[in-house]
Structures are given as structure tokens and as C-alpha cells.
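Note sheet for the following structure.
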């Protein structure tokens, strides 16, 4: 089975783990603006850990469609501020930083980040070098915003993307790679569910799989609800993802996800 080296600690993925989301953003689609104060951010980290997450995913840039962009300097300063704050209060926490900028990633690793979660799949050409130099786990995400595909092309395209970029990462000295098929990133509603049904395909790559479906529009659109009403849909799709081989679930609702994994583990062990 898989394992990750986080801050010189070996973390087993024999059973699925949770990455709890901490958005330090104004306009994230579900919780934008909720955790901008230091007190709120620290309470959120405490909640994430108490409810059963292994990793806290800190992000300062919203990745929702048509999100308000921020400059590299703004992101750098925000990540630096909150990362130092969190590490000072929770020195043992495993923090993933959600960034596509190599300069931000490099700083974050030096300040205590244990993982980098890059939703662009290495759009910054220096990112792989930074990850390899620092010997840190990296989430490689398939993002297809700039190249719309037909559904029948989707799986071959993602497999090719992972194959090419895993080779580049290994050449850069990266040892721990997590693959994320990128639900919602350049996929239609139909393609997101097709991808979910085909999730087991990615086990052939032999790397841990991260799934980030939590409260996304692919749930809202099918159920005809708002993001605040997507908890049941999120839990249902996360459970399906577990049976399709997901190793890490990136979620807003940690408690409910932990309960989902507990039941999955009970079923799976029989």
C-alpha cells in the first residue's frame, strides 16, 4: 500500500485519510471570507484536527470559475502570515499549501508546509524543481481549462498527462507524488461523473489518488441546490470515491467525512 513522508514522519495510507480545507480567501465558492481573522483561522484548524483530518490544506487563492485573482506578492504575504500563525499554535500539524506558484511554494516549505497541492499541474515551470529540491510530497492535478475535450478523450488524456508529468517529477527528484484527476477543472458536468465512474482506472498508475469533490457545482447542478445544501451529496460521492480507490479526500466537512471513512473501513474489512 501507499505511504507519504510528511515532515520526516511516515504516514500510512493503508486506510483513507482526510485533507481538511482552510480557505483564507474572500471569494471561495463555499466558505470565502469566513476565516480571514487570525482567531477564526486558528479555530478552523482546531476544528479540522479535532474532527479527524490528518492534513490541513491552506489556500489563499480561490480556484472557483471567474474567481478574483490576487498577485503573487499578495498570495506570498497571506500564506506566510497564516502559515507562521498556524505552525506556532499547532507545531505538529501537517499543512498542505494550495498554490500554483513556485515562489510561494518554496517559501511555504521553508516555513513548515509538509505538502504542496498544485491545481494547475505544474503550470509554473519552476514548480517541479522546487518540490524536488525540498523533497516534499506534491499533489499533481489534471486541469483542463485551456483544452476542452470530448468525453471519450478524457481518460486517455488524463492518463497521458499523469504519465508525462510523473516522469518529469521523478527526474526532478520528487519521491512522493499524489495524483488528483481534477474534478471541476475544465470538465463538463457529464465528464465529472464519467470521471468518477472511471476512477479505478487510475490505480494502474500506482500512486495515491486524491479526490476533491466537496460541495462542488457538480453536486449543486444535479440536485438543484445551493453550495450550503450539498453536504449529503458530498458524503455520497466521497463514499463512492472510496470504493473506487481514493486514498485522500479533500473536504470542507471533516466530521461527516470521518464518519464516512469509518463506515467504509468497516465494510471494506469484512
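The table below lists the values:
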{"read-out": "Condition broken by residue 239, with the remaining ones in (1) under 17 Å from the mean Cα position of the chain (by Cα); (2) more than 19 Å from residue 121 (Cβ to Cβ); (3) surrounded by fewer than 20 Cβ atoms within 10 Å (Cβ to Cβ); (4) at pLDDT below 95 satisfied", "value": "(4)"}
{"read-out": "Tally of residues being out of contact with any helix residue (DSSP H, G or I) (no Cβ under 9 Å at 6 or more places or on another chain) and surrounded by fewer than 14 Cβ atoms within 10 Å (Cβ to Cβ) across region 79-100", "value": "4"}
{"read-out": "Odd one out for residue 61 among (1) in a loop (DSSP other than H, G, I, E, B); (2) touching a helix residue (DSSP H, G or I) at 6+ places or on another chain (Cβ under 6 Å); (3) without any contact (Cβ under 8 Å) to a residue 40 or more places away in the chain; (4) closer than 23 Å to residue 175 by Cβ", "value": "(4)"}
{"read-out": "Selection within region 244-260 - in contact with a helix residue (DSSP H, G or I) (Cβ under 9 Å, 6 or more places away or on another chain) and within 18 Å of residue 180 (Cβ to Cβ)", "value": "244, 245, 246, 249, 251, 252, 257"}
{"read-out": "Subset tally (residues that are in contact with a helix residue (DSSP H, G or I) (Cβ under 8 Å, 6 or more places away or on another chain), closer than 21 Å to residue 73 by Cβ and crowded, with 24+ Cβ neighbours inside 10 Å) for region 114-141", "value": "3"}
{"read-out": "Residue match in region 200-211 (condition: touching a helix residue (DSSP H, G or I) at 6+ places or on another chain (Cβ under 8 Å), under 18 Å from residue 120 (Cα atoms), surrounded by 22 or more Cβ atoms within 10 Å (Cβ to Cβ) and at pLDDT 95 or above)", "value": "yes"}
{"read-out": "Which listed residue is over 30 Å from residue 10 (Cβ atoms) and part of a loop (DSSP other than H, G, I, E, B), from 233, 173, 184", "value": "184"}
{"read-out": "Filter result for residue 147 (out of contact with any helix residue (DSSP H, G or I) (no Cβ under 6 Å at 6 or more places or on another chain) and surrounded by fewer than 17 Cβ atoms within 10 Å (Cβ to Cβ))", "value": "yes"}
{"read-out": "Looking only at region 101-113, and only at residues there that are within 16 Å of the chain's Cα centre (by Cα) and more than 16 Å from residue 85 (Cβ to Cβ), the one that is surrounded by the fewest Cβ atoms within 10 Å (Cβ to Cβ)", "value": "101"}
{"read-out": "Selection from region 236-251 of residues that are under 16 Å from residue 222 (Cα atoms) and touching a strand residue (DSSP E or B) at 6+ places or on another chain (Cβ under 9 Å)", "value": "237, 238"}
{"read-out": "Members of region 244-270 found to be at positive phi and without any contact (Cβ under 8 Å) to a residue 40 or more places away in the chain, listed by number", "value": "none"}
{"read-out": "Residue satisfying condition, being within 14 Å of residue 18 (Cβ to Cβ), in contact (Cβ under 8 Å) with a residue 12 or more places away in the chain and assigned to a helix (DSSP H, G or I), within set 203, 241, 228, 214", "value": "241"}
{"read-out": "Members of region 10-35 that are surrounded by fewer than 17 Cβ atoms within 10 Å (Cβ to Cβ) and either assigned to a helix (DSSP H, G or I) or modelled with pLDDT under 90 (or both)", "value": "26, 27, 31, 33, 34"}
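Here's the yes/no breakdown for (1) surrounded by 14 or more Cβ atoms within 10 Å (Cβ to Cβ); (2) at pLDDT 85 or above:
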residue	(1), (2)
37	no, yes
53	yes, yes
59	yes, yes
63	yes, no
69	no, no
73	no, yes
77	yes, yes
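The values are calculated or read from the model by the stated rules, or taken from the named source; none is laboratory data. Only a predicted model underlies this, so the values are computations on that prediction, with no experimental measurement involved. Backbone-built Cβ (ideal geometry, glycine too); neighbour counts: all protein chains shown.
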